[in-house]
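*Asks:* Can you read through this structure? Questions will come right after.
The values are calculated or read from the model by the stated rules, or taken from the named source; none is laboratory data. Every value quoted in this text rests on a predicted model; they were computed, and no experiment measured them. Neighbour counts run over all protein chains shown; Cβ positions are idealised from the backbone, glycine included. To get the accessible areas, we keep the full protein, side chains included, count just its heavy atoms, and leave off ligands, DNA and RNA. Shrake-Rupley method; radii C 1.70, N 1.55, O 1.52, S 1.80 Å.
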Amino acid sequence: MLEVRNLDAFYGAAQALWDVTLDVGAGETVSLIGPNGAGKSTLVMSVGGVHSSVRGRITVGGAEVVGLPAHRVCDHGVAIVPEGRRVFGHMSVHDNLCLGAYRRAARARYRATLDEVFGLFPRLAARSAQLAGSLSGGEQQMLAIGRALMAAPRLLLLDEPSLGLAPVVTDEVFEAIATINQAGVSVLLVEQDIDRALDISSRAYLLAEGRVIAGGPPETLRDNEDVRRDVLGI
Ligand code: ATP
């Protein structure tokens, strides 16, 4: 589904990613873990076409997306849930969701997808007319995920979905991510809660100082000395 090959990313003269190669297979959930500043968000934004100062190859379903603007990457079935959620607080829940369905293919099945999102997050259905800014942090995260789903993606990029959420709300969000994946959407998950992330992933990569330094099934990562020292702090 997603192939990243030898990706370098830059902020001006500063390099943030070095030679990153990774894959997300069709139907997989893959986690990207690593300490602060490792380059996880940069990678997500680069895949989504939001960060464009990159060198290397990124393909989605076999199509090259490097150099495409974000809305064209979205046409290839990629949706991002950015760090910090970024919902439009002055707009209703319903209108925020509508914004996600701007791809032509998504617009055509807007009603059915909206029902699916409301089925996944009944709290959003109950608050459909409410201003997004008045939702709790957890509800805003659900809304950000729902808005991304409205684009009918085949690959969902999630950047730190549990950030700032209470454990019980995080449980709900992770259950929803697992359900989304079971419905056939591939997931690339950046997450600081390593245990939860590994629990729902088939594979994970460890990023440190802009480079992939380990990758494999969850058990391998849990037993990895670098992960235990750099990420888990053990
Ligand atoms: P965190 O977990 O703290 O969000 P991260 O792993 O997502 O960290 P990035 O945010 O991708 O890391 O940052 C990678 C590197 O790029 C860091 O050294 C950071 O300082 C740098 N960086 C990120 N955004 C910018 C920017 N807008 N301008 C310059 N440098 C940046």
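*Asks:* Would you calculate the convex hull of the Cα atoms in the stretch 127-234 and tell me its volume per residue in Å³?
*Replies:* Convex hull of Cα atoms, per residue: 123 Å³.
*Asks:* Can I ask one more? Relative to 2.2 N^0.38 Å, what does the C-alpha radius of gyration of the stretch 25-107 come to as a ratio? Two decimals please.
*Replies:* Compared with the compact-globule rule of thumb, the stretch 25-107 sits at 1.21.
*Asks:* How much of the DSSP bridge set in the stretch 127-234 is antiparallel, in percent, rounded to the nearest 5?
*Replies:* 50
*Asks:* Between R228 and R104, what is 0.36 nm times their sequence separation minus the Cα-Cα distance? Round to one decimal in nm.
*Replies:* Additional length available on full extension: 40.1 nm.
*Asks:* Can you tell me which of 97-109, 17-29 comes out highest on packing, and rank the rest after it, using the mean Cβ neighbours within 10 Å?
*Replies:* Per-residue Cβ counts within 10 Å, averaged per peptide and sorted highest first, yield 17-29, 97-109.
*Asks:* Give me the dipole magnitude in Debye, nearest 20, for the stretch 81-184 about the Cα centre, with unit charges on the beta carbon: positive for Lys and Arg, negative for Asp and Glu.
*Replies:* 580
*Asks:* Moving to a separate point now. Which value, in Å², gives the accessible area per residue of the chain when a 1.4 Å probe is used on the protein heavy atoms?
*Replies:* Computed with neighbouring chains in place, this is 43 Å² per residue.
*Asks:* Pop out the carbon and sulfur fraction of the accessible area of the stretch 89-152 as a percent, whole number, probe 1.4 Å.
*Replies:* It is 56 percent, rounded to a whole number.
*Asks:* How high is the FRET efficiency from R111 to A183, r the C-beta distance, R0 25 Å, rounded to 0.05?
*Replies:* The computed FRET efficiency comes out at 0.90.
*Asks:* Please state, as a whole number in µm²/s, the translational diffusion coefficient that the Stokes-Einstein equation yields for the stretch 89-152 at 10 °C and 1.306 mPa s, with Rh defined as the Kirkwood radius across alpha carbon pairs.
*Replies:* Approximately 141 µm²/s, per Stokes-Einstein.
*Asks:* Also, quick follow-up: Which FRET efficiency value, to the nearest 0.05, is calculated for T21 and H90 with the Förster distance at 45 angstrom and r the Cβ-Cβ distance?
*Replies:* Calculated value: 0.60.
*Asks:* Where nothing but the Cβ of Lys and Arg (+1) and of Asp and Glu (-1) is charged, how large is the charge dipole of the chain around its Cα centre, in debye to the nearest 20?
*Replies:* About 940 debye.
*Asks:* Mind giving me the nanometre distance, one decimal, between the label points for H71 and D171, set 7 Å out from Cα along Cα→Cβ?
*Replies:* 4.2
*Asks:* Less than 9 Å Cβ to Cβ from V60, Lys/Arg counted +1 and Asp/Glu -1: what total charge do the surrounding residues give?
*Replies:* Spelling it out: positives minus negatives among the neighbours equals -1.
*Asks:* Mean projection of the alpha-carbon convex hull of the chain over all orientations, in nm²?
*Replies:* 11.9
*Asks:* Could you work out the helix-only [θ] at 222 nm for the chain, with each DSSP H run of four or more residues adding -39,500 (n - 2.57) and the total divided by the number of residues, to the nearest 500 deg cm²/dmol?
*Replies:* After summing the helix terms and dividing by residue count, I get -10000 deg cm²/dmol.
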